[in-house]
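Heads up, the thing below is written out as structure tokens.
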Amino acid sequence: MSEKNISENITKINANSPALDIPTPNLDELEKGPWPSYVSGLKRLAASGAHNADMMRGVIGTLEQSFVNRRGYWKGGTVGVIGYGGGVIPRFSELKDDNGETMYPAALEFHTVRIQPPWGNHYSADLLRKMCDVWEDTGTGLIGLHGQSGDIMFQGTDTEGVQSAFNQLNDVDTFKDLGVDGFCFDMGGAGPAVRTSVSCVGAARCEQSCFNEGDLMQSTINEFLDDMHRPALPYKMKWKFSGCPNDCTNAIQRADMAVIGTWRDDIKINQDGWKAFVADKGIKHVFDNVISRCPSQCMEMAEDNSLTIGNKECVKCMHCINVLSSTSQKYVGKDGDAILAQGDDKGITILMGGKRTLKVGDLFGTVIVPFMKIETEEDKEKFLEISGDHVDFFAENALEHERSGEMIERIGLPAYLEAMDLEVDPNMISVPRTSPYVRMDDWDDEVAKWKERKSA
């Protein structure tokens with residue numbers, strides 16, 4: 001769509017917006033420009049004639065005053081549903097008129113309900129319609145899918161609507177006509193508790209998946225459900241599950257415990273497909289877009305254009321596999337092997353301590369388990385044991401409002417690894433190509449010790 005057409009469409013939207021009986025010059029500015037604005041959506045809801053129209057009008061008025069006075073008018077509080085201690089983001093308006101009365105009584109309460117999404121974020125169109133019907137009946141109809149928390153965010157309702165919405169979303173009868181037996185939604189996490197876990201789309205849509213993301217995520221949620229619904233931690237704790245090192249859930253940066261699919265044998269090479277790719281694209285294109293962009297420079301081409309990968313130097317950045325995966329079928333045919341593919345010895349890497357800025361700056365997760373298989377129930381139990389050890393240690397040792405990464409930085413990595421009963425391994429890294437756990441001047445000796453332990 002051209003910029004002219006986009007602007008014309010936005011003009012039409014603005015023209016159809018309700019004529020509010022309150023001035024909104026600041027919000028009107030946000031509707032200008034070539035791209036759609038959330039303000040137009042709020043105005044449409046305020047003009048809809050639905051039961052929540054007055055609430056949306058109040059929200060618009062409150063938001064305008066926030067821009068005028070450069071302050072927020074929403075305060076927190078305590079709102080929940082029966083039997084649960086978290087999952088609701090309470091919001092009460094503090095905006096008063098000159099007489100000290102609430103300026104917009106219909107928007108005195110504007111709570112958000114967090115609901116756990118299905119693993120991999122798989123929805124049918126009918127399921128989405130059913131969710132919308134429930135929220136239009138009990139709230140404003142505003143829904144945010146999978147923001148920073150990973151939850152389905154049902155935005156805007158009063159205290160009575162919170163319980164009513166949850167009762168319907170948590171009732172299998174609500175969804176029985178969708179053809180899925182026993183299906184319903186549960187409350188997500190909020191406050192100082194285990195938060196909603198997130199997994200990538202995984203093996204359902206992606207050939208790069210290295211483990212069963214949905215199964216491991218579901219097992220983890222079931223294991224720590226009480227810690228999610230009844231907050232009892234110093235601060236939040238979250239898992240994210242990415243099926244491969246592409247890390248589509250952004251787990252390394254955002255999850256206290258990041259689970260990343262990986263492999264430990266050699267990358268598989270279809271030499272015939274590779275040579276066909278080189279012949280078609282040319283050597284310069286191949287070097288500029290694949291080989292030269294390898295961060296560890298572990299790729300080499302022979303005179304016959306065959307490819308060699310130094311797998312011991314490979315850091316599994318996925319660049320070469322990503323570049324070739326989209327074109328593999330062109331050169332190997334529908335039923336041929338991909339030009340480059342992950343090895344067969346697949347499992348997970350566990351990293352701990354990722355977070356956005358809070359007490360200290362942004363932190364990437366640090367490797368605490370370089371590799372483990374996730375194939376059997378025993379493997380899952382081992383993973384859940386490691387997870388449980390961390391949750392217990394975090395509950396006992398973290399300070400109030402302190403994330404896992406900040407706790408580890410404060411007490412030190414050696415103390416944390418000892419408490420977790422995790423053996424120091426030279427493959428544990430916090431920054432690529434370096435290790436904070438061993439002295440680099442005695443690297444060979446440390447590697448020899450590690451190999452001796454592994455062979456014992």
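For a 31 Å ceiling on Cα separation, which of these pairs sit above it: K275/K355; K240/K268; K281/K355; K268/K373; K380/K454? It would help to have the intermediate numbers written out before the result.
Values: K275/K355 43 Å; K240/K268 28 Å; K281/K355 41 Å; K268/K373 19 Å; K380/K454 22 Å.
Check vs 31 Å cut-off fails for K275/K355; K281/K355.
Given N residues in the chain, what is Rg(Cα) / (2.2 N^0.38 Å)?
Dividing the Cα Rg of the chain by 2.2 N^0.38 Å gives 1.16.
Roughly what angle does helix 213-223 make with the longest principal axis of the chain, taking Cα atoms, 0 to 90 degrees, to the nearest 10?
With both axes taken from Cα atoms, the answer is about 60 degrees.
Using the alpha-carbon atoms, what tilt in degrees (0 to 90, nearest 10) does helix 3-16 show relative to the longest principal axis of the chain?
Tilt of helix 3-16: around 30 degrees.
Helix 159-169 sits at what angle to the longest principal axis of the chain, using alpha carbons and giving 0 to 90 degrees rounded to 10?
For helix 159-169, the angle is close to 50 degrees.
Packing-wise, with mean Cβ within 10 Å as the measure, how do 419-427, 300-308 rank, highest first?
419-427, 300-308
Return the sequence-ordered ³J(HN,Hα) values of the range 252-260 in whole Hz as given by the Karplus equation 6.51 cos²θ - 1.76 cosθ + 1.60 applied to θ = phi - 60°, using x for Gly and Pro.
4, 8, 10, 10, 4, 10, 9, 10, 10
Using all Cα-Cα distances in the range 267-365, what percent lands in each 10 angstrom bin from 0 up to the longest?
Histogramming the range 267-365 at 10 Å steps yields 14, 41, 24, 14, 7, 1 percent.
Which order do peptides 82-88, 381-387 fall in by mean Cβ count within 10 Å, highest first?
Working: 82-88: 18.4, 381-387: 16.6.
The peptides rank, most packed first, as 82-88, 381-387.
Using r as the Cβ-Cβ distance of N397 and Q329, and R0 as 56 Å, what FRET efficiency do you calculate, to the nearest 0.05?
Values: r = 51 Å, r/R0 = 0.92.
Plugging the Cβ-Cβ distance into 1/(1 + (r/R0)^6) gives 0.60.
Label-point separation (nm) for K176 and H51, each offset 7 Å from Cα along Cα-to-Cβ?
2.3 nm
Would you list, by chain and number, the lysines whose Cα falls below 18 Å from the Cα of K451, excluding same-chain residues fewer than 8 positions away?
The reachable lysines, counting only those whose Cα sits under 18 Å from K451, are K312.
Rule-based calculations on the coordinates, nothing more; no lab input. These numbers were taken from a predicted model, which means no experiment stands behind them. Here Cβ is always computed from backbone atoms with ideal geometry, including for glycine, and neighbour counts include all displayed protein chains.
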